[in-house]
Structure formats: structure tokens, C-alpha cells
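Below is one structure, written out as C-alpha cells; comments come after it.
Laboratory data are not the source of any read-out in this text; all were calculated from the coordinates shown. All values reported here derive from a predicted model rather than from experimental measurement. All Cβ positions, even for glycine, are placed from backbone atoms using ideal geometry, and neighbour counts span all protein chains on display.
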Amino acid sequence: MSDIIAENVVVTINYTLRNDAGEVLDTSEGDEPLTYLQGFGNIVPGLENALEGKRVGDKVTVAVTPEEGYGEKDPEGLQVVPRDAFPEGATIEIGDNFTAELDDDEFVTLWVVGVEGDEVHDDTNHPLAGVTLNFEVEIVELRAAHANELAHGHPHGRDGHAHHH
Ligand code: ZN
């Protein structure tokens, strides 16, 4: 029944992601393929839309704009947080991300871009904000999602039996 990629289908893909300069930013090559649940925002919207309706064996090349990817870069995104706002003993390294709660029950993801003495420099921008995402994808496997995967909004591994949270 899951011959084509549609909502509620668990999709396994091999992929390579390059920026406009052709540099590889991420790839499943030499690693496990990526498994995600179509229709639940597990992957960026531009890629999810491009894969809709595809079949096993199909190869898809798509350039995803920042609007359909990780967003435009917000120049106001940089902030400085005192080191002691973090749990004592926590290691904080460039590239780490964490979730901070704002006043009004809103949450924001911050990416560490620098650590200087007692100050941690963070950015609300995803590291790939403002970047056009050039994906090359091959569809490896499709299957229907299990009920608990639909309830969680993500797949439980390629075979649906992965143990997690
Ligand atoms: Zn789950």
C-alpha cells in the first residue's frame, strides 16, 4: 500500500546535501540511511514537498531555498548569555544547541557560536539558515507507519522497532 511517498509513510533515503559552492554539508554516504515520517515536519519543508509522490529507486535532485529550509538569517539572532546561566559543570562547545524558555512559555533553540570567558555567544539562527540546500536523494524503502509512530510524529527506526525515549 505504501508504493509512493505520502503522508503517514515511513521513508528511508540516502542523501547528500551541498551548499551552492558544492561543498558537502551532510551525507548519509558511509553511514546509515535516513528514516523519517512523511507529513510531520521531520525534515525541512522543501525536501518533504519534493519527495511527495516519489517511489523506491527514484532519484531526486532539489535546490531548497532558505524559506523552505532553515529560514533566512536573522541578524538580530546573536545573543550573549552568562556562563552561569548554564548548569554547573556542563560542557559548552561551539555547535551545541539547547532550548531556552522565554518569559511567555515560548521556547527558542540557541546555537553556541562562541565561548569567551564568562560569556557564551549564541545565535537563534540554525547554522544552515540563509543557505540554499542542494539535496541529492535516492529513495531506499517505504512502509506504512505504525500507530505509535503516528502518535509520536516520528519513525521508530527503519523497521519500526527502534527503542528510544
Ligand atoms: Zn517515538
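Here are the numbers for the structure shown:
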| item | result |
| --- | --- |
| The chain, relative contact order [Cα under 8 Å, separation at least 6], % | 33 |
| Charge dipole magnitude, Cβ of K and R +1, D and E -1 - the chain, Cα centre, debye nearest 20 | 980 |
| Dipole in debye (nearest 20) - the stretch 75-123, about Cα centre, beta carbon charges: Lys, Arg +1; Asp, Glu -1 | 240 |
| Loop GluC sites (Glu not before Pro), the stretch 69-122 (other Cβ atoms within 10 Å of the site Cβ: 13 or fewer; DSSP) | E72, E88, E93, E106 |
| Taking only Cα atoms of the chain, radius of gyration then Dmax in Å | 18.3, 57 |
